[in-house]
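Scroll down for the structure; my scribbles are underneath it.
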Amino acid sequence: MSVNVLFAAQSDAWPKYEAPLRREIAADGIKAHLDTDIPADQVDYIVYAPNSDLQDFAPYTRAKAVLNLWAGVEAIVGNPTLHLPLARMVDPALTQGMIEWVTGHILRLHLGMDAHITAAPGTWEPVPPPLAFDTRVTILGLGELGAACATALASFGFDVAGWSRTPKEIDGITCFSGPDGLDAALERSDFCVLLLPSTAQTENTLNARTLALMPKGACVLNPGRGPLIDDDALLAALDTDQIGHATLDVFRIEPLPKDHPFWTHPKVTITPHVAAETRAAYSAKTIAENIRRGEAGEPFLHLVDRRAGY
């Protein structure tokens with residue numbers, strides 16, 4: 001028996017995903033009709049990007065699941081017509097990309113690389129950088145990506161802690177949780193990395209009050225979601241040297257408007273939402289595995305908790 005798999009995303013995504021999805025679904029022993037146009041009442045699975053034109057899920061009465069192509073689900077999780085299980089994207093390449101971005105930018109700031117890169121010719125100031133042993137990093141958000149980054153940084157010798165809404169345990173990582181735990185985590189953050197989901201509860205996690213808790217001169221890295229930071233509060237903290245540097249990959253409006261003060265601030269580094277990209281060759285494996293599980297009657301991987309919003 002064949003299953004019908006609807007690919008619902010922007011048109012430029014289909015050429016990237018068609019061949020990998022066909023290959024991986026077939027490799028899992030599933031006969032599938034994969035297309036961008038299938039009658040709603042005949043669809044078994046929806047491979048989905050939240051910027052798709054598909055916003056009304058009510059007609060998809062036969063479908064077994066919506067399989068998201070993105071790690072973030074904030075643009076779909078609250079859809080009132082969504083009556084199906086929703087799985088977010090987790091794949092090794094996305095995780096590896098985030099680890100590389102986070103460790104790379106922390107090491108750049110930790111080692112003071114910019115001072116040597118931009119120094120005038122002939123400058124010879126042999127000031128040794130600090131050691132990772134003496135540098136405290138805190139990851140806000142201990143999901144798949146946050147836990148992986150925390151473990152990677154700990155392997156370099158950094159003193160790593162993490163914070164999550166509910167208690168978690170990760171070998172070698174000091175774990176905080178809850179409102180009081182957030183304050184304690186920030187107070188020991190020479191570097192603070194934001195990898196929280198975007199929800200009503202996480203908006204402006206870093207604001208004037210919480211930024212003031214961090215050690216003077218601390219660095220902020222945000223590869224998570226733009227609304228996690230109060231932009232005005234961050235700019236004020238940078239201007240008073242409370243925050244020494246901010247490396248930002250995500251923003252409330254994207255692309256970041258050309259007149260936004262982040263562009264010209266001397267203590268801000270901008271990357272254009274590239275920290276963790278979904279790559280078709282890898283994410284197709286996750287999609288195919290969930291289709292296999294659905295057909296075998298096994299639990300889907302990476303299901304979203306609708307109440308929590310992620």
Env charge @ Glu187, Cβ radius under 15 Å, K,R +1 / D,E -1, value 0
Kirkwood Rh and Cα Rg combined as Rg over Rh, evaluated for the chain
1.02
Near Lys64, within a Cβ-to-Cβ distance under 13 Å, what is the net charge of the other residues, with Lys and Arg +1 and Asp and Glu -1?
0
Determine, for Tyr282, Tyr45, the number of other Cβ atoms within 10 Å of each Cβ, and report the residues in order from fewest to most.
Tyr282, Tyr45
Among Lys16/Lys258; Lys168/Lys216; Lys216/Lys267, the pairs whose Cα-Cα distance exceeds 21 Å are Lys16/Lys258; Lys168/Lys216
Taking only C-alpha pairs under 8 Å that are 6+ residues apart, what is the relative contact order of the stretch 92-270 in percent?
16
For the stretch 92-270, what is the per residue volume of the convex hull drawn over the alpha-carbon atoms, in cubic angstrom?
129
Expressed in nanometres to one decimal, the distance between label points 7 Å along Cα→Cβ at Asn204 and Asp183 is 1.8
Which value at 222 nm does the chain reach when only helices count, each DSSP H run of 4 or more adding -39,500 (n - 2.57), with the total divided by all residues and rounded to the nearest 500 deg cm²/dmol?
-9000 deg cm²/dmol
For Ala296 and Ala281, compute 0.36 nm times the residue count separating them, minus their Cα-Cα distance, and round to one decimal in nm.
3.1 nm
Would you list His273, His33, His110 from fewest to most Cβ contacts within 10 Å?
His33, His273, His110
The stretch 111-116 - phi-based ³J(HN,Hα) in whole Hz, Karplus 6.51/-1.76/1.60, Gly and Pro as x:
8, x, 4, 4, 4, 7
Those aspartates and glutamates that a straight Cα-Cα span of less than 19 Å connects to Lys285, excepting residues fewer than 8 apart in one chain
Glu18, Glu24, Asp28, Asp35, Asp44, Asp91, Glu144, Glu277, Glu295, Glu298
Report the relative contact order of the chain, percent, no decimals, based on alpha-carbon pairs under 8 angstrom and at least 6 residues apart.
18
Apply the Karplus curve 6.51 cos²θ - 1.76 cosθ + 1.60, θ = phi - 60°, to the phi angles in the stretch 72-83 and return the couplings in whole Hz, x for Gly and Pro.
x, 10, 4, 7, 10, 4, x, 4, x, 8, 7, 10
Semi-axes a, b, c in Å (a largest) for the stretch 167-301, each sqrt of 5 times a Cα gyration tensor eigenvalue, come to 32, 21, 12
Scoring only Lys, Arg, Asp and Glu (+1, +1, -1, -1) among other residues with Cβ under 13 Å from the Cβ of Arg108 yields -2
Fewest first, what order do Phe300, Phe191, Phe176 take by the number of other Cβ atoms within 10 Å?
Phe300, Phe176, Phe191
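None of the figures in this text is laboratory data; all of them are computed from the coordinates on show. For clarity, every value in this text was computed on a predicted model and none was experimentally measured. So basically every Cβ, Gly included, is an ideal-geometry build from the backbone, and we count neighbours across all protein chains shown.
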